[in-house]
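The values are calculated or read from the model by the stated rules, or taken from the named source; none is laboratory data. On a predicted model such as this, the values are computed, not experimentally measured, just so you know. Here the Cβ is made from the backbone with ideal geometry for all residues, glycine too, and neighbour counts use every protein chain on show. When the accessible area is computed, the model is the full protein with side chains, heavy atoms only, and any ligands, DNA or RNA have been set aside. Shrake-Rupley method; radii C 1.70, N 1.55, O 1.52, S 1.80 Å.
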Amino acid sequence: MKKLAGLILSTAMVVSMVSGCGVGGSSGSASKSQALSDGVLTVGTNAEFPPFEYVGDDGEPDGFDIALIKAVGEELGVKVVVENMDFDSLVSAIGSKIDVAIAGMTVTEERKQSVDFSESYFDAVQHVLVPAGSDISSKDDLVGKKIGVQLGTTGDFLVEDIEGATAQQYNKAVDAVNDLVNGRVDAVIVDSNPAGVFAKNFEGAIKDLDGADFGFEVENYAIAIPKGDSELKTAIDNALKKLKENGTYDELVKKYI
Ligand code: ARG
């Protein structure tokens with residue numbers, strides 16, 4: 001995949017040098033999916049986000065998203081290879097190092113500039129974790145606070161809208177939670193389901209507050225796909241639909257969430 005992508009990239013560069021149009025220009029082949037024709041779907045994730053993805057006891061990525069993409073791969077008749085990387089590098093790796101990303105990734109307008117998304121497969125909202133004794137309970141209470149977030153996540157972007165608040169960015173959300181417990185940050189903003197898992201792991205030490213009470217909006221998770229790869233998008237959307245219809249999706253929800 002890597003070699004092929006390099007080849008495609010250099011071919012595209014030659015084409016763009018000759019024709020003056022950039023990568024993804026009007027070559028006419030943008031809708032053909034490389035991943036589907038070479039039989040291997042290389043999937044990027046960031047296995048730091050339970051219950052959607054975490055490193056299992058065997059050292060391999062596991063979780064709802066991983067099981068879901070493997071089921072999608074089976075539907076497509078391709079082998080799924082999972083690459084664990086920083087969340088912040090997933091979007092830019094799509095179409096080169098990886099074919100697609102599944103990482104509890106929220107569909108955002110900004111990301112849509114660089115990638116396409118499958119139909120959404122899960123809804124979430126940001127939650128606010130605070131020390132058990134904290135009296136933070138609304139967005140106003142977060143003004144001027146130091147807030148721990150995972151770098152490049154929607155939780156990270158939300159902090160920009162909170163007056164005088166500073167985002168303390170971490171590569172792993174769990175490190176933000178550890179710093180919350182150690183008193184180094186005032187709150188952590190992280191997606192609802194991981195928030196629930198972290199709060200349970202630190203039961204008694206932290207409170208898990210619903211971001212709806214802070215005015216945070218519902219977010220939709222989807223699989224990120226190379227921009228313009230309509231063949232892959234249609235195939236993945238059809239597979240997701242089938243997995244919902246045949247009960248596999250519900251089974252995975254029951255098993256992991
Ligand atoms: N939903 C959030 C976002 O899209 C956080 C996702 C973090 N995922 C992960 N695997 N670490 O920005």
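Filtered by the rule that a residue be surrounded by 21 or more Cβ atoms within 10 Å (Cβ to Cβ) and either touching a Gly at 6+ places or on another chain (Cβ under 8 Å) or assigned to a loop (DSSP other than H, G, I, E, B) (or both), the range 219-233 gives TYR221, ALA222, ILE223, PRO226, ASP229. Among the residues of the range 126-136, is there at least one that is part of a helix (DSSP H, G or I), touching a strand residue (DSSP E or B) at 6+ places or on another chain (Cβ under 7 Å), within 12 Å of the ligand (Cβ to nearest atom) and open to solvent by less than 60 Å² (accessible area, probe 1.4 Å)? The answer is no; no qualifying residue exists. If we scan the range 168-177, do we find a residue that is free of Cβ contacts under 8 Å to residues at least 40 places away in the same chain, surrounded by fewer than 22 Cβ atoms within 10 Å (Cβ to Cβ) and in contact with a Leu (Cβ under 9 Å, 6 or more places away or on another chain)? Yes, because at least one residue in the range 168-177 is free of Cβ contacts under 8 Å to residues at least 40 places away in the same chain, surrounded by fewer than 22 Cβ atoms within 10 Å (Cβ to Cβ) and in contact with a Leu (Cβ under 9 Å, 6 or more places away or on another chain).
Counting the residues of the range 148-169 that are small (Gly, Ala, Ser) and under 17 Å from PHE198 (Cα atoms) gives 2.
The set of residues in the range 45-55 being part of a strand (DSSP E or B) and within 10 Å of the ligand (Cβ to nearest atom) consists of THR45, GLU48, PHE49, GLU53, TYR54. Return yes or no: is GLU160 open to solvent by 60 Å² or more (accessible area, probe 1.4 Å) and either touching a residue at least 12 places away in the same chain (Cβ under 8 Å) or closer than 28 Å to VAL43 by Cβ (or both)? Considered against the rule, which asks whether it is open to solvent by 60 Å² or more (accessible area, probe 1.4 Å) and either touching a residue at least 12 places away in the same chain (Cβ under 8 Å) or closer than 28 Å to VAL43 by Cβ (or both), GLU160 comes out as no. The condition of being of a type in the set (D, E, K, R), within 10 Å of the ligand (Cβ to nearest atom) and either more than 30 Å from VAL40 (Cα to Cα) or part of a strand (DSSP E or B) (or both) does not hold for ASP140. Residue under question is LYS207, and the condition is that it be closer than 30 Å to GLU75 by Cα and either surrounded by fewer than 21 Cβ atoms within 10 Å (Cβ to Cβ) or in contact with a helix residue (DSSP H, G or I) (Cβ under 9 Å, 6 or more places away or on another chain) (or both); does it hold? So LYS207 fails the test.
I'd like the residue in the range 219-251 that is over 11 Å from PHE117 (Cβ atoms) and of a type in the set (A, V, I, L, M) and, out of all such residues, is farthest from the ligand (Cβ to nearest atom). Once the filter is applied, the top-ranked residue is ALA235.
Select from the range 90-121 the residues that are among the polar types (S, T, N, Q), at pLDDT 95 or above and closer than 20 Å to ALA35 by Cα and list them in ascending order.
SER92, SER114, SER118
Those residues that are more than 11 Å from the ligand (Cβ to nearest atom), at negative phi, of a type outside the set (Val, Ile, Thr) and touching a helix residue (DSSP H, G or I) at 6+ places or on another chain (Cβ under 9 Å), I need them from the range 72-116; list them, please. Before you say what the answer is, go through the steps one by one.
We begin by selecting, within the range 72-116, every residue more than 11 Å from the ligand (Cβ to nearest atom); these are 72-83, 89, 92-100, 109, 112-116.
Filter once more, keeping what is at negative phi: 72-76, 78-83, 89, 92-94, 96-100, 109, 112-116.
Okay, now just the ones that are also of a type outside the set (Val, Ile, Thr), so 73-76, 79, 83, 89, 92-93, 96-97, 99, 109, 112-114, 116.
Selection gives GLY73, GLU74, GLU75, LEU76, LYS79, GLU83, SER96, LYS97, ASP99, SER114, ASP116.
Considering PHE157, PHE216, the condition of being aromatic (Phe, Trp, Tyr), in a helix (DSSP H, G or I) and within 16 Å of the ligand (Cβ to nearest atom) is satisfied by PHE157 alone. Counting only helices (runs of 4 or more DSSP H) that fall entirely inside the range 64-113 and contain at least 2 residues that are closer than 10 Å to ALA224 by Cβ, the qualifying elements are 90-93, 109-112.
Of the residues VAL185, VAL190, which single one is assigned to a loop (DSSP other than H, G, I, E, B) and crowded, with 20+ Cβ neighbours inside 10 Å?
Numbers: VAL190 fails: assigned to a loop (DSSP other than H, G, I, E, B).
None of the other options fit; the residue is VAL185.
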